[in-house]
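Presented below is the structure to which this report refers.
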Amino acid sequence: MRRFAIALPVALALSASVTHRADSADAWRSRVVARLLQAYDAPASAQPANAAASPFEARFDAAGRVQMDVHYACAAAAPARALTDAGLSIGSSVRLGNFCVVEGWANPAALARIAALPEVTQVRVPQYVLRDHPPPMKSAEIEAAIARRTIKGQVRAQASSGTGIDANGVSIMRADQFVAQTGASGQGITVGVQSGGVSNISTITTRHELPTVRVLALNDGAQSPAGDEGTALLEEVHAVAPGAALAFCGPGTFVEFTSCLGQLVAAGATVLADDLIFPPTDLMSLNGTDQQAITAFLQQNPNVLMFTAAGNFNGSYWEGPYAAVSAASVGVNNLSCVSSGGQVDHYLATFGSPSNYSQLLTVLQGSSFPMEFAWADPPGQNVSNFDVYWTNITDPTQTGCFPTAIVNGSILTPYLSLPQGIYTIYVATPDTTLQGKLIKLLFAGDGLTSLSIPSSGSIGSAQGLANGVVTVGAVNGSDGVGNGIESFSTVGPLSVAFPSPAQIQAPLLVAPDGINVDAVGTYFQSALFPDGNFYGTSASVPNAAAVGALLRSAFPAFSPAQILTALQDGAAPLGNGIPNATFGYGRVDALGALATVPLPTISALQDATVVGGSSTTPIAFTVSGTGALHFAVVSSVPAIVPSSIAAAGSPGVTVTPSNCGTGTMSCMLYVTPALGHSGTANLTFSVLDGASRGASATMSVTVTTPDGPTLTINSGADQRFTAGTGSASPVAFTLTGAGVVTVHASSSNLSLVSTNGLAVSSGCGTSTQSCTLSISTASGASGSATITLTATDAWGQAASGTIALQVDPGASTSGGSGTGATGGGGGGALEWWTLGALCTLALRRGTRRERVRR
């Protein structure tokens, strides 16, 4: 019998609670995972500083504090005050679905106080991020493979000659044609990205390859991780959807990830993209707490569309029912894993056939990576006792095993640090009682690991398992075609056992990788392939999300389900059957998605005749289309009817009601011709959707010349007064006429009444047809004048009226004895104008007497 022990440098960080002491005083220990209990039990001097090698290991800061996730009962309020009093320095927190967690840092000695709080259900090591990225280019073997333009058996085309950022992706997805045809470039939409760091984003922004990006801080003030993979993703989004605003958040834990989701939405993001992998606590269920958290977030934010990278784990994954074969029957000695309490394993799992009772794991270069082994027990109800063994086939001293019997859950997640080589992998049990149970095995080496007998279904992220999230695989875009699936790109379907056995479509879509990004002067430069391109599903997910932003820009009212349906139905089909396990619904295609959206329609319009200066009677029409519709008009004679959608009463075409094309599709229009013109104009009236696609109807409008204006003087037509003792009264007059009537006043005697002495009341002929004319005479002047009022309409038709004005000379105010020319002697003299007046009076009296005699 061969006995295995866990050999360093392998770090086994179990994701479950292990009870070290059974006494009631230490009941809190049952709520704390083993790795944190180790920190509590170890002397303070033994605590490592800044331990962060493994995503499953506890992490300590320089002060010796350990980071932890405190789960509490969701029926209670978050015990923030109590946790603070117990010694937890709170960072991020989340309350989504059944995922209610406060994350923070505390001295390990505070664990007893924290875990003893009545609301606390479990204290765990945070779920640290495994970022989805292309295989690092370090080992000579991999570099040689790439030099031969192959990786994992797939031919890798040289980069195209195009040097624009994401030029191939933009072209393959026809995003440039979409923008040119629709005018929708992402304007009005914010895309939120979560990825690795943006350390040198200012370098890219200074080169004007990115607009200003809103970089969000984590709740505890922590900075985004170092690196520039996030910068590269933002470059891609901007290349595809240049009008979209951009926001970024760089989480390090799953709790921070969920916190970032809320912050990005608060920043206005309605399209989200990430390439982050958080090993879930349950690979077998669609109802795990992690998945429920993402689902609850989407339910709370029903306008948000979320894309995630499917992962780069194809070839490093196997799943299937546990089909046992006797170890003795295939010549393998019985196995025993020391850590499982001396359990002896007599049976081995077979992988597809009885002859395949082991897997060979190839590690292309020495590296650290997680292993995930999951089995189909209900969450929190582990009744299985699998043991997973590994041994280096050339160095049997490099060996280890991982038991599941001590795990309080249904997933085992050790972190391996293995030298380059080939390793034999066994999955074993003492008997056959677990026969037929679904198991999953993943070595997440991101292209640096492979299994001899892989299978499909290697999605390993919480958000990838959540309902409503769009999983995106990668096709090689470096050839400018994008029809070949990348060998490392995760393929489906995704198998789950709970709430009932099912196979879920994954990926949903694929998009190009092999994308040119500008990494000069950034951390990301060393992560690119020798051809200078960015490979991996990390590169494909921003392309897909950016096309989603284009659709939302054209159709802002589209729901996430409508956008996803358009992306799926309009995708370029690849492979056999739609959808299929490799390409999903196909490669994202912006114009294809647009073509699935129904075009607008409009009913026929009636011709109309209208008298100039008025509007046509309302003309009924109906429209149909997608999203918010708007209207446009083109006139054959703009001088008669302008090519304008106009407000009520203004020349052009007016559409009623105001919510036509949004709230109602049964509408009216009426036409208001321009003033002063007659004749016929042919109108083309169009209804347009947000993508500038339209339908048109035509009508003719004949405009006749209206009756000419009239001007009637109502008072003040004949006026007489004496200079110096009187003044002209206002003249009241009324108008009729079509449209605007212009009124002009003139004087026949400018010495008596100048042009400046004539003032027509405000609004006359425009806002009112009841007007007045004010007349001012020159000071001291007398005589007569004829005032003419002329009303002219826009067609040049005119009407006029006159006012007769007589101003008599006023009496002299001078007197006394003078020696002037008019003077007399003695008692004074009559001035000549007084004498003239008396003579005139005598003549009038004589005339009256004569008339009486007759």
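The values are calculated or read from the model by the stated rules, or taken from the named source; none is laboratory data. Because the structure is a prediction, the values reported are computed rather than measured. Cβ: placed from backbone, ideal geometry, glycine included. Neighbour counts: every protein chain shown. Just the protein is used for accessible areas: all its heavy atoms, side chains included, with ligands, DNA and RNA removed. Shrake-Rupley method; radii C 1.70, N 1.55, O 1.52, S 1.80 Å.
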**OP:** Go through (1) of a type in the set (S, T, N, Q); (2) surrounded by 20 or more Cβ atoms within 10 Å (Cβ to Cβ); (3) closer than 23 Å to Ser455 by Cβ one by one and return the number of the condition Ser336 breaks.
**Re:** (3)
Subject >> Single unsatisfied condition, Ala557 versus (1) part of a loop (DSSP other than H, G, I, E, B); (2) hydrophobic (A, V, I, L, M, F, W, C); (3) over 25 Å from the mean Cα position of the chain (by Cα) >> reply: (3)
Subject >> Given (1) of a type in the set (Gly, Ala, Ser); (2) loosely packed, with under 15 Cβ neighbours inside 10 Å; (3) under 30 Å from Val472 (Cβ atoms), number of the condition Gly592 does not satisfy >> reply: (2)
Original post:
Pairs under 8 Å by beta carbon, first residue free of Cβ contacts under 8 Å to residues at least 24 places away in the same chain in region 691-711, partner surrounded by 15 or more Cβ atoms within 10 Å (Cβ to Cβ), six or more apart or different chains?
Top reply: none
Original post:
Can you tell which of Gly521, Gly536 is more than 22 Å from the chain's Cα centre (by Cα) and over 25 Å from Ser458 (Cα atoms)?
Top reply: Gly521
**OP:** Please work out which residue is nearest to Ala745 (Cα to Cα), limiting yourself to region 702-712 and to residues that are assigned to a loop (DSSP other than H, G, I, E, B) and open to solvent by less than 50 Å² (accessible area, probe 1.4 Å).
**Re:** Pro709
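Restricting to region 762-787, what's the tally of residues that are within 15 Å of Thr712 (Cα to Cα) and either of a type in the set (Lys, Arg) or open to solvent by less than 40 Å² (accessible area, probe 1.4 Å) (or both)?
Qualifying residue count for the region: 5.
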Original post:
Do you know which of the residues in region 250-279 that are of a type in the set (Val, Ile, Thr) and in a helix (DSSP H, G or I) is modelled with the highest pLDDT?
Top reply: Val265
**OP:** Return the pairs, sorted by first residue and then second, in which the second residue is open to solvent by less than 10 Å² (accessible area, probe 1.4 Å) and in a loop (DSSP other than H, G, I, E, B), the first residue lies in region 237-263 and is under 20 Å from Arg552 (Cβ atoms) and without any contact (Cβ under 8 Å) to a residue 12 or more places away in the chain, the beta carbons are less than 7 Å apart, and the residues are 6+ apart or on different chains.
**Re:** none
**OP:** Name the residue, out of Gly584, Gly612, that is more than 30 Å from Leu675 (Cα to Cα), surrounded by 15 or more Cβ atoms within 10 Å (Cβ to Cβ) and either among the aliphatic types (A, V, I, L, M) or touching a residue at least 40 places away in the same chain (Cβ under 8 Å) (or both).
**Re:** Gly584
Original post:
Are any residues in region 470-523 of a type in the set (S, T, N, Q) and open to solvent by 40 Å² or more (accessible area, probe 1.4 Å), and if so, which ones?
Top reply: Asn483, Ser500, Gln503, Gln505, Asn516
**OP:** Return the total of residues in region 100-129 being open to solvent by 10 Å² or more (accessible area, probe 1.4 Å) and among the hydroxyl-bearing types (Ser, Thr, Tyr).
**Re:** 1
Original post:
Which of the residues that make up region 713-735 are assigned to a strand (DSSP E or B), touching a residue at least 40 places away in the same chain (Cβ under 8 Å) and exposed (fewer than 15 other Cβ atoms within 10 Å of the Cβ)?
Top reply: Asp718, Arg720, Thr722
Subject >> Conditions (1) part of a loop (DSSP other than H, G, I, E, B); (2) open to solvent by less than 10 Å² (accessible area, probe 1.4 Å); (3) within 17 Å of Glu236 (Cα to Cα); (4) of a type outside the set (Asp, Glu); number of the one not met by Ser538 >> reply: (1)
Subject >> Breaking point among (1) within 30 Å of Gln505 (Cβ to Cβ); (2) modelled with pLDDT of 95 or more, for Ala620 >> reply: (1)
Original post:
Which strands (runs of 3 or more DSSP E) sit wholly inside region 600-639 and have at least 3 residues that are farther than 12 Å from Met699 by Cβ?
Top reply: 619-624, 630-635
Original post:
Does Thr662 fit the bill of being within 34 Å of the chain's Cα centre (by Cα) and in a loop (DSSP other than H, G, I, E, B)?
Top reply: yes
**OP:** Read through the list (1) at pLDDT 95 or above; (2) open to solvent by 40 Å² or more (accessible area, probe 1.4 Å); (3) of a type outside the set (Lys, Arg); (4) touching an Asp or Glu at 6+ places or on another chain (Cβ under 8 Å), then give the number of the only condition that Pro379 fails.
**Re:** (1)
**OP:** Answer yes or no as to whether Gly694 is touching a Pro at 6+ places or on another chain (Cβ under 8 Å) and open to solvent by 40 Å² or more (accessible area, probe 1.4 Å).
**Re:** yes
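Given the options Gly694, Gly679, name the one that is farther than 27 Å from Gly613 by Cα and touching a strand residue (DSSP E or B) at 6+ places or on another chain (Cβ under 7 Å).
After applying the criteria, what remains is Gly694.
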**OP:** Output the residues belonging to region 410-455 that are on the phi > 0 side of the Ramachandran plot and assigned to a loop (DSSP other than H, G, I, E, B).
**Re:** Gly436, Asp446, Gly447
Original post:
Is there a residue being at pLDDT 90 or above, of a type in the set (A, V, I, L, M) and over 29 Å from Thr258 (Cα atoms) anywhere in region 405-413?
Top reply: no
